[in-house]
Amino acid sequence: MDWGMRNRIGRMFRPHSGRTVMLAVDHGYFMGPTHHLENAGATLGPLLPHCDAIALTRGILRTSVPPTAGVPIILRVSGGVTVLHEDLSDEAITTPIKEALRLNASAVAMSVFVGAPKEHQTLTALGQLVTEGEDTGMPVMAITAVGKELDKRDQRYLSLACRVSAELGAHLVKTYYCDGFSRVVDGCPVPVVVAGGPKLDSIEAALRLAHDAVEAGAAGVDMGRNIWQSDRPVGMLKALAAIIHESATVPEALDVLQETEAARSPTTSAGTQPQANV
Ligand code: R5P
């Protein structure tokens with residue numbers, strides 16, 4: 001692997017753990033102004049120091065993230081349909097690699113839709129993007145099982161989707177957690193990170209998902225709604241970092257969250273014990 005490619009990948013993973021806490025904020029490219037991302041800059045500002053990378057489009061990057069933020073960028077480069085379209089798989093590359101280089105991105109990301117009507121279109125686009133990524137030293141992350149593929153998120157489907165992505169050359173794969181997740185990881189020769197999906201019933205459930213995913217071999221998370229739709233997003237990121245980088249248990253991570261929140265607002269948290277949403 002070329003030096004530039006290794007350097008870009010290395011920016012996104014902490015050396016001592018070899019894992020990553022990626023913050024996903026790319027939802028607007030097909031969902032519009034998602035709850036809590038209506039003003040992306042306001043939501044993101046306090047979170048940027050606490051994640052290892054952020055995943056987003058060039059539009060939100062340019063409008064909502066200061067160039068001095070210093071956080072590694074995973075640039076979403078696929079799109080072209082919205083939730084109003086009947087076939088979410090009808091995506092194409094919307095942002096060229098030269099734009100990722102101009103923006104000093106650490107990786108590009110695109111969705112593949114295995115088993116969907118536009119499977120061929122998205123998989124061949126992945127192959128082409130990987131070729132361009134190899135030419136320029138730009139890592140490619142394939143994103144599997146989004147949109148209407150959600151109901152197919154079992155281990156056999158996710159194993160297939162992740163393996164196919166890696167076979168086509170993806171350097172990283174993002175997918176969803178499932179029962180038997182270690183088989184998904186074992187069958188995929190490149191690092192796998194997990195998305196969180198829609199906001200879960202509790203913070204504990206989201207931390208449990210991250211914990212079980214890394215226990216099963218995931219290289220970390222690329223999580224969105226369970227962080228920035230939480231009422232304690234900074235605490236959530238620190239709790240995730242404890243799990244992912246320090247192998248904390250879920251109760252230990254909840255302690256980190258409580259300590260973070262107590263330090264951030266001592267007056268409100270002094271009399272507030274762990275309760276709502278935990
Ligand atoms: C889909 O819009 C994107 O790939 C998201 O980045 C991905 O689903 C992760 O975000 P969340 O944890 O909210 O599912």
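The values are calculated or read from the model by the stated rules, or taken from the named source; none is laboratory data. A quick note: this is a predicted structure, and the numbers were derived from the prediction, not measured. As a convention, Cβ positions derive from the backbone with ideal geometry for all residues, glycine included, and neighbour counts pool all protein chains shown.
What to note about this one:
- Within the range 215-252, restricting attention to residues that are more than 28 Å from A42 (Cα to Cα) and within 16 Å of the ligand (Cβ to nearest atom), the residue that is surrounded by the most Cβ atoms within 10 Å (Cβ to Cβ) is A218.
- Annotation: of all residues in the range 119-146 being assigned to a helix (DSSP H, G or I) and in contact with a strand residue (DSSP E or B) (Cβ under 6 Å, 6 or more places away or on another chain), the one that is nearest to V81 (Cα to Cα) is T122.
- Within the range 93-117, restricting attention to residues that are within 16 Å of the ligand (Cβ to nearest atom) and farther than 15 Å from G59 by Cα, the residue that is surrounded by the most Cβ atoms within 10 Å (Cβ to Cβ) is V112.
- Evaluating R8 against the criteria (1) in a helix (DSSP H, G or I); (2) free of Cβ contacts under 8 Å to residues at least 24 places away in the same chain leaves one unmet condition, (2).
- Evaluated against (1) modelled with pLDDT of 95 or more; (2) buried (at least 19 other Cβ atoms within 10 Å of the Cβ); (3) in contact with a helix residue (DSSP H, G or I) (Cβ under 8 Å, 6 or more places away or on another chain), V193 falls short on exactly one condition, (3).
- The range 61-92, residues that are within 13 Å of the ligand (Cβ to nearest atom) and either free of Cβ contacts under 8 Å to residues at least 12 places away in the same chain or of a type in the set (A, V, I, L, M) (or both): I74, L75, V77, V81, V83, L88
- When residues of the range 19-51 are limited to those that are touching a strand residue (DSSP E or B) at 6+ places or on another chain (Cβ under 9 Å) and either more than 21 Å from I143 (Cβ to Cβ) or acidic (D, E) (or both), the one nearest to the ligand (Cβ to nearest atom): D26
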